[in-house]
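The values are calculated or read from the model by the stated rules, or taken from the named source; none is laboratory data. This one's a predicted model, so the numbers in the text were calculated from it and none came from an experiment. Counting neighbours? That spans all protein chains shown, and the Cβs are built from the backbone with ideal geometry, glycine included.
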Amino acid sequence: MSAIPARPGEIAVRHNVGASRFEALVDGYLSVVDYTFEGEVVVFTHTFVPPELRGRGLAEKLVRAALAWATVEKRRIVPACSYVDTFVRRHPEFQVLL
């Protein structure tokens, strides 16, 4: 599992390869972006942030980390999750991954 570096007080996003997800543990609550593979394509299937943590930008931080990973790995993506789909539509810099 690799962690994306964070400054003190920032939320660290970890890539949990074994669980096929990006995750952040905050105040004892786990937020995630899950994915699967269809051949070489990464399918983002689910984004979840517990109600206690919503409104703090966690979903965006997780999705940005996941899309940055897909970019570095030169992977095409399918945004099956509605949050990821909306995020990619609103951020043209990630549409090249489609």
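Table for the structure above
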| item | result |
| --- | --- |
| Residues (assigned to a helix (DSSP H, G or I) and either at pLDDT below 95 or of a type in the set (Gly, Ala, Ser) (or both)) located in the stretch 1-51 | Gly18, Ala19 |
| Subset tally (residues that are over 11 Å from the mean Cα position of the chain (by Cα) and surrounded by 14 or more Cβ atoms within 10 Å (Cβ to Cβ)) for the stretch 82-98 | 4 |
| Members of the stretch 24-42 that are surrounded by 17 or more Cβ atoms within 10 Å (Cβ to Cβ) and over 13 Å from Val13 (Cβ atoms) | Asp34, Tyr35, Val42 |
| Residue match in the stretch 66-83 (condition: within 20 Å of Leu25 (Cα to Cα), hydrophobic (A, V, I, L, M, F, W, C) and touching a Leu at 6+ places or on another chain (Cβ under 6 Å)) | no |
| Residue in the stretch 70-81 that is surrounded by 15 or more Cβ atoms within 10 Å (Cβ to Cβ), β-branched (Val, Ile, Thr) and either outside any helix (DSSP H, G or I) or at pLDDT below 95 (or both) present | yes |
